[in-house]
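> Structure provided below as structure tokens; questions to follow.
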Amino acid sequence: MPYTTGAVYNPPAGTSHIDRIQISCLNDSIVVAININLQIFHFIGSSFTRVPVGEALFQVDPQQLVVQTYSVNAANYYEAQINFYSAVNTIVNVFALDAAGNIIEQILQPELTYIDRLSIIPT
């Protein structure tokens, strides 16, 4: 089931400027592995052009936590799209961090918005 954070504002400077995001993916199952696909985008410039930053497809074993980190320092806005395949017991959260590693903002799984599919990233 694919979800998105939507376009999240990144202030240009100051104490609320986001340097990077960490996406934590927890498999709460005691038996079944899960597959997760992440896509991260920047929106930059005066026209807020969507630019792919990263994509990852990986497996999370039962009772395992996998954390992926992406730089969004140059972004005016950022977006994380997440698809959990066979993900009955999956918990995914997005944490926005400043340059020192302090949590500026968190987007918990219930706050993610369902979308019909992940965006296509040109190759």
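What follows is calculated from the coordinates using simple rules that are stated; it is not laboratory data. All values derive from a computational prediction rather than experimental measurement. Positions of Cβ are generated from backbone atoms using ideal geometry, with glycine treated the same way; all protein chains shown enter the neighbour counts.
> Looking at the chain from every direction and averaging, what is the projected area of its Cα convex hull in nm²?
Working: hull surface 30.5 nm².
Projected area, direction-averaged: 7.6 nm².
> If you don't mind, there's one more thing I want to ask. Using bins 10 angstrom wide from zero, how does P(r) for region 1-52 break down, in % of all Cα pairs?
Spelled out bin by bin, region 1-52 gives 16, 43, 25, 13, 3 percent.
> Under a 10 Å cutoff between Cα atoms, tell me which one of Gly54, Gly14, Gly45 has the largest fluctuation in the Gaussian network model of the chain.
With Cα springs under 10 Å in the chain, the top fluctuation among Gly54, Gly14, Gly45 is at Gly14.
> Test of understanding: what is the full-extension gain from Asp61 to Ser119, defined as 0.36 nm times their sequence separation minus their Cα-Cα distance? Working shown, then result.
Working: separation 58, 0.36 × 58 = 20.88 nm, distance 2.58 nm.
Answer, rounded to one decimal: 18.3 nm.
> Kirkwood Rh over alpha-carbon pairs of region 58-123, then Stokes-Einstein at 37 °C and 0.692 mPa s: what D in µm² s⁻¹, rounded to an integer? Please report the intermediate quantities before stating the final value.
Numbers: Rh = 14.2 Å.
Approximately 232 µm²/s, per Stokes-Einstein.
> Ok, one more. I need the calculated FRET efficiency for the pair Ser47 and Val88, taking r as the beta carbon distance and R₀ as 41 Å, to the nearest 0.05.
Calculated transfer efficiency: 0.55.
> Let me ask something additional. Counting Lys and Arg as +1 and Asp and Glu as -1, what is the net charge of the other residues whose Cβ lies under 15 Å from the Cβ of Leu112?
Working: positive: Arg117; negative: Glu79, Glu105, Glu111, Asp116.
Net charge in that neighbourhood comes out at -3.
> ³J(HN,Hα) across region 9-20 via Karplus (A = 6.51, B = -1.76, C = 1.60, θ = phi - 60°), whole Hz, x for Gly/Pro?
5, 10, x, x, 7, x, 6, 9, 6, 8, 8, 7
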